[in-house]
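S.K.: Pasting a structure here, questions to come.
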Amino acid sequence: MLVGVLALQGDFREHIAALAECGVEAIPVKHLSEINAIDALILPGGESTTIAKLARTFGLFDRIAERIHAGLPTYGSCAGMILLADRIEGAAVGQESFGGIDITVRRNAFGRQVDSFEADLNMEGITAPAIRAVFIRAPWVEQVGVGVEVLASVEFNGELHPVAVRQGNLLATSFHPEITGDNRVHRYFIESICKVAIS
Ligand code: GLN
């Protein structure tokens, strides 16, 4: 199995390193031929507006969207979650997403005062201990459609907000497991969604 990590902007190197630690072959993806060759895709954290614009500029946008909607196993962290969302609150003018997950995400949802924070989260499908989740100008999920499973939520100002969701072959987290050295979310993606056994 070959996993591609979209490498237009953002922390794609960290995702490639996390996959390598899981023993999975991963390549940075920048060209149409690479998008056609991969068996699974990761959309990294970064700036969703920039990633979408660059995907348009380099002529990749429609093919990526097409493969995602055709069932390509895809995982998006943070900006990647925004790119997988069908609807975006707080979008920049003209901001596009590939879509695929029937959710509304709110960009930069946690507000300025807590631009970045960490929390211990229990995530469905991942056995204890809790995951140390790092949020950096993160979105949360504001609304979920019927086919969407909420795998983890975080409490903020007394309310619970979904921060990890799955719909079929698509997985998204508001947080960045790629920067913590804990590869359990990547393993979950490979084993439970890509259905490939890793040792
Ligand atoms: N705030 C960024 C966006 O809207 C996401 C931040 C991140 O990926 N760490 O794209």
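The values are calculated or read from the model by the stated rules, or taken from the named source; none is laboratory data. Note that this is a predicted model, so its numbers are computed, not measured. Positions of Cβ are generated from backbone atoms using ideal geometry, with glycine treated the same way; all protein chains shown enter the neighbour counts.
S.K.: Go through the range 72-93 and count every residue that is within 9 Å of the ligand (Cβ to nearest atom), part of a strand (DSSP E or B) and surrounded by fewer than 24 Cβ atoms within 10 Å (Cβ to Cβ).
M.R.: 1
S.K.: Report yes if Ser116 is touching a helix residue (DSSP H, G or I) at 6+ places or on another chain (Cβ under 9 Å), within 16 Å of the ligand (Cβ to nearest atom) and either among the hydroxyl-bearing types (Ser, Thr, Tyr) or at pLDDT below 95 (or both), otherwise no.
M.R.: Spelling it out, it is not the case that Ser116 is touching a helix residue (DSSP H, G or I) at 6+ places or on another chain (Cβ under 9 Å), within 16 Å of the ligand (Cβ to nearest atom) and either among the hydroxyl-bearing types (Ser, Thr, Tyr) or at pLDDT below 95 (or both).
S.K.: When you go through Gly111, Gly80, Gly71, Gly76 one by one, which is the residue that is modelled with pLDDT of 95 or more and farther than 20 Å from Asp11 by Cβ? Please lay out each step first, then the result.
M.R.: Values: Gly111 fails: modelled with pLDDT of 95 or more; Gly80 fails: farther than 20 Å from Asp11 by Cβ; Gly76 fails: farther than 20 Å from Asp11 by Cβ.
The conditions single out Gly71.
S.K.: Could you give me the residue pairs with C-beta distances under 6 Å whose first residue belongs to the range 36-50 and is within 16 Å of Leu60 (Cα to Cα) and at pLDDT 95 or above, whose second residue is more than 10 Å from the ligand (Cβ to nearest atom) and β-branched (Val, Ile, Thr) wherever it lies, and which are 6+ apart or on separate chains?
M.R.: Ala40/Val3; Leu41/Thr74; Ile42/Val5
S.K.: Inside the range 137-199, counting only strands (runs of 3 or more DSSP E) that do not spill past its ends, which hold 2 or more residues that are touching a Phe, Trp or Tyr at 6+ places or on another chain (Cβ under 9 Å) and within 17 Å of Leu121 (Cβ to Cβ)? Please lay out each step first, then the result.
M.R.: Details: elements: 140-144, 149-156, 159-167, 170-173.
Because the criterion is at least 2 residues that are touching a Phe, Trp or Tyr at 6+ places or on another chain (Cβ under 9 Å) and within 17 Å of Leu121 (Cβ to Cβ), the strands (runs of 3 or more DSSP E) in the range 137-199 that meet it are 149-156, 159-167, 170-173.
S.K.: Let me ask something additional. Find all pairs meeting these conditions: Cβ atoms under 7 angstrom apart; at least six residues apart or on different chains; first residue within the range 90-109 and of a type in the set (Phe, Trp, Tyr); second residue more than 9 Å from the ligand (Cβ to nearest atom) and not in a loop (DSSP other than H, G, I, E, B).
M.R.: Phe98/Ile64; Phe98/Ala65; Phe98/Ile68; Phe98/Leu84
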